[in-house]
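Only one structure is covered here, and it is reproduced in the block below.
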Amino acid sequence: MSMKVLVSGSTGFIGSALMASLRATGHSPVPLVRGSASINGPGVRWDPAGGTIDHDGIAAAGRIDAVIHLAGEGLAEHRWSQAQKAKILESRIHGTRLLASTMASLDAPPAVFLSGSAIGFYGDRGDEKLTEESAPGLGFASEVVQAWEASTNPLDQRTRVTHLRTGIVLDPSGGALAEQLPFFTRGLGGRIGKGTQWMSWISLTDHIAAMLWLLDHPVAGAVNLTAPNPVTNTEFTKTLGAAVRRPAIIPTPTIALWAKLGRQLTRELLLSSAHVSPCTLLAEGFVFEHPRLERALTAALRD
């Protein structure tokens, strides 16, 4: 069924691919954009930090069937100073609460609200097998995700709310893989830390497909958007090195990461371990195109 879908974060790494896929599958995406029309083109204007949204623009867009909310300050874009941590937290809470309350106030609220989230919810859990039923972890990243998910509370039973607990999204166009590729293609890639930490990943293709699938399937609550086969950092390193036909034997010194990113960010985002399974997607019948890392990297780098 064709839907009119309001999309925040529509110009980002994931959002850009999502917008193209929505159009390709017959949906009508409406971007939530910041700034003037001359800068960002057509769409509904909003200012999450200022707490404003263009209600006239929403009315002009017509009946909104679904919302996919991806906007928020990137966790790893800057060192975690107190000011940056506040910015990260506020961008997720304020933006999500503003969008959720606006949608809840409509006479005909959207039937579906897919809200960005992250596997940072689980924190550093070693070798523990994690599912959507697992308890939250500790640390700043987990606190952010818990508050982020709670910010959809203004929505009521008229709207199905699904929290997209996303893992490491793999595609050379952006995200972690884009940052790593220049090093690996020069033979300078290697494990991070001991390399025993679990990495729960998903191909961009499967991430987009899962979001489109969730528009049509009555799944509510937390959904892990990760592939069925997590890998350790050492295994990821070896597989990526093989995919680009280069050795991957030079470990990344932890002290260098501390110097660049700070100790807390390094510990929580690069050295933490989360073995996450997409139990809900699998139980509900979603089929992954790239269930294993080798296949995902081969397809991504070929494209």
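Some observations on this one:
- Taken over the stretch 160-205, the residue count meeting the criterion of being touching a His at 6+ places or on another chain (Cβ under 6 Å) and within 16 Å of Leu301 (Cβ to Cβ) is 2.
- Cβ-Cβ distances below 9 Å connect the following pairs, each with a first residue in the stretch 232-253 that is free of Cβ contacts under 8 Å to residues at least 24 places away in the same chain, a second residue that is part of a loop (DSSP other than H, G, I, E, B) and buried (at least 19 other Cβ atoms within 10 Å of the Cβ), and a separation of six or more residues or different chains: Lys238/Arg191; Lys238/Ala248.
- Of the residues making up the stretch 60-117, those that are closer than 26 Å to Ile168 by Cβ and among the acidic types (Asp, Glu) number 3.
- Hey, Gly139 small (Gly, Ala, Ser), more than 21 Å from Leu18 (Cα to Cα) and out of contact with any strand residue (DSSP E or B) (no Cβ under 7 Å at 6 or more places or on another chain) or not: yes
- Residue list for the stretch 98-137, filter: in a loop (DSSP other than H, G, I, E, B) and touching a Lys or Arg at 6+ places or on another chain (Cβ under 7 Å): Ala108, Pro109, Ala111, Gly137
- Against the list (1) of a type in the set (Ser, Thr, Tyr); (2) free of Cβ contacts under 8 Å to residues at least 60 places away in the same chain; (3) crowded, with 19+ Cβ neighbours inside 10 Å, the condition Thr280 fails is (2).
- Of the strands (runs of 3 or more DSSP E) lying entirely inside the stretch 11-97, not one carries at least 2 residues that are modelled with pLDDT of 90 or more, within 17 Å of the chain's Cα centre (by Cα) and loosely packed, with under 14 Cβ neighbours inside 10 Å.
- Restricting attention to the stretch 56-78, the residues being under 30 Å from Ala141 (Cβ atoms), without any contact (Cβ under 8 Å) to a residue 60 or more places away in the chain and touching a Lys or Arg at 6+ places or on another chain (Cβ under 8 Å) number 1.
- Failed criterion for Thr239 (all others in (1) outside any loop (DSSP other than H, G, I, E, B); (2) under 30 Å from Arg160 (Cβ atoms) hold): (2)
- Within the stretch 42-54, residues that are closer than 21 Å to Pro29 by Cα reach partners that are part of a loop (DSSP other than H, G, I, E, B) and of a type in the set (S, T, N, Q) with beta carbons closer than 8 Å, at six or more positions or on different chains, in the pairs Gly43/Ser10.
- Of all residues in the stretch 104-123 being more than 11 Å from the chain's Cα centre (by Cα) and in contact (Cβ under 8 Å) with a residue 60 or more places away in the chain, the one that is farthest from Val30 (Cα to Cα): Gly123
- Subset of the stretch 249-292 (residues that are under 18 Å from the mean Cα position of the chain (by Cα) and either at pLDDT below 95 or in a helix (DSSP H, G or I) (or both)): Leu265, Glu268, Leu269, Leu270, Cys279, Thr280, Leu281
- Residues considered: Thr162, Thr166, Thr196. Of these, the only one that is buried (at least 19 other Cβ atoms within 10 Å of the Cβ), out of contact with any helix residue (DSSP H, G or I) (no Cβ under 6 Å at 6 or more places or on another chain) and of a type outside the set (Phe, Trp, Tyr) is Thr166.
The values are calculated or read from the model by the stated rules, or taken from the named source; none is laboratory data. Quick caveat: nothing in here was measured; it's all calculated off a predicted structure. Reconstructed Cβ throughout: ideal geometry from the backbone, glycine too, with neighbour counts over all protein chains shown.
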